[in-house]
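Take a look at the structure set out below.
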Amino acid sequence: MTKPVRYQEGHLYVHHDAWYVRYRERVRQEDGSIKLRQKANRLGSLKDYPGESLIKPLLAEFLCKLNAGNFTPEPGMTLTEFVEKIYLPYLQEKRASTKKGYEEIWNNHISDRVRNIQLRNFRTVNASRMLRAVADENDLSKTTLQHIKGVLSGIFTHAKNEGAFDGANPVQGARIPTNARESAETYAYNLAQICRILEFLPLLPKAVVATAAFAGLRRGELLGLEWTDYSGDALNVKRSVWKGLVNQPKTRASAKPVPVIRQLAEILNTYRSSTGDPQSGVMFHSGAGQHMDFDKLARQVVRPIVESLNIDWYGWHGFRRGIASNLYELGADEKIVQRVLRHAKSHVTKDRYIKAFDPAVMAAMKKLEATVDLVNQSAPRVHQIQ
């Protein structure tokens with residue numbers, strides 16, 4: 001039977017203008033016994049991390065490393081035991097939105113189907129059967145099934161790193177059921193639509209939409225923008241907000257500055273002047289300096305105006321896809337578009353964000369079009385005899 005593993009949550013507190021975590025350390029005595037001794041570790045200064053939500057990622061990282069030493073894998077450990085005792089605590093160091101998504105996938109689609117399977121006995125066929133069962137019982141797209149497979153694969157990757165599983169990852173070779181429905185098509189706003197929308201928006205939503213459309217920031221990054229992040233010619237992405245929680249950017253690639261074009265700078269500068277020319281604080285707020293409710297802003301202001309112009313509402317992400325598609329259609333290389341969107345992987349940019357024909361393909365078709373015209377002009381006229 002697997003020994004229960006005790007994981008420390010620590011006690012976070014402030015002392016001498018710095019954040020500390022109090023925890024217990026196992027100390028072996030001269031007689032061989034183990035005694036717990038209370039210790040404290042400094043995480044960071046209060047100046048650098050003024051809010052508890054800002055220091056939480058460092059706390060989670062510290063506790064993950066601390067608790068990693070408490071785990072000794074048992075030969076008969078089930079997949080469920082590993083996930084609940086090892087993997088879910090490990091997720092504490094992830095972004096809040098990522099953690100919630102992984103936990104929901106485990107609880108809603110995986111846990112009941114793998115409950116009694118031992119970790120070391122899990123095979124590719126188990127993963128394939130699980131995915132088929134999930135697809136048969138739920139109306140899920142292939143993309144969603146791919147996410148479920150990704151979470152399960154990540155569990156085994158973590159198990160290998162913790163020494164709880166050896167050999168090849170059994171999930172990687174599992175197939176997504178061919179009868180699962182295709183994912184719904186996603187759309188992007190073209191430049192004409194964006195300019196038309198901006199023309200009719202009030203100043204605050206106009207500034208938000210312009211930043212989304214001309215800088216390509218994610219929704220959480222838009223919420224997290226502060227005036228200190230704006231230099232006039234660039235926006236420095238330093239944080240992301242999800243359900244009121246302030247997180248670090250999604251990836252290392254995400255935490256890079258984005259150039260600001262003149263039209264966006266003009267809108268941001270006008271908006272800034274209208275709010276008293278602030279030098280710090282949240283950029284987009286509803287008047288109290290707090291983060292905006294973008295769902296409410298879209299529902300009450302942006303979407304009605306967009307639809308009144310006979311344009312479909314594609315959501316906030318439609319503007320981010322828009323900058324990818326518009327840059328690509330203007331001849332920008334895929335790698336350049338990837339750098340603007342700050343994706344860690346280029347295939348994400350190409351497969352999910354660019355909604356335009358390859359400029360080289362368009363140029364080739366234009367050349368074909370011109371050549372057909374020349375052929376038609378130079379070909380002898382043959383009149384059909386009635």
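What the table shows:
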quantity	calculated
Förster-model FRET efficiency, 25 Å R0, SER111 and PHE62, C-beta, rounded to 0.05	0.35
Environment charge of LEU204, counting only residues whose C-beta is closer than 14 Å and scoring Lys/Arg +1, Asp/Glu -1	+2
Beta bridges by DSSP in the chain, antiparallel share as percent, to the nearest 5	95
Segment 185-326 shape via C-alpha gyration tensor axes, a/c threshold 1.5	rounded
Segment 166-202 versus segment 226-257: alpha-carbon centroid distance in Å	23
For segment 207-222 and segment 70-143, distance of Cα centres in Å	35
Full-stretch length increase - ASP293, ASP333 - with 0.36 nm per residue and alpha-carbon distance subtracted	10.9 nm
Relative compactness, segment 54-191, computed as alpha-carbon Rg over 2.2 N^0.38 Å	1.16
Cα shape, segment 133-255, gyration tensor, a/c 1.5 rule	oblate
Over 31 Å [Cα-Cα, the chain], rounded percent	54
For the chain, built as a Gaussian network whose Cα springs stay under 10 Å, the top-fluctuating residue of THR251, THR371, THR275	THR371
Using a Förster distance of 22 Å, the FRET efficiency for ALA363-ARG262 (Cβ separation, nearest 0.05)	0.20
Degrees separating the helix 124-137 axis from the principal Cα axis of the chain, which is the longest one	60
Gaussian network model of the chain, Cα within-10 Å springs - most flexible of ARG320, ARG129, ARG95	ARG129
Among 208-216, 120-128, the order from most to least packed when residues are scored by Cβ within 10 Å on average	208-216, 120-128
Theoretical FRET efficiency, 1/(1+(r/R0)^6), r = Cβ-Cβ of ASN269 and LEU191, R0 22 Å, to 0.05	0.55
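Every number in this text was worked out from the coordinates using simple rules, so none of it is lab data. None of the values given here were measured: they were computed from a predicted structure. All Cβ positions, glycine included, derive from the backbone under ideal geometry; neighbour counts span all protein chains shown.
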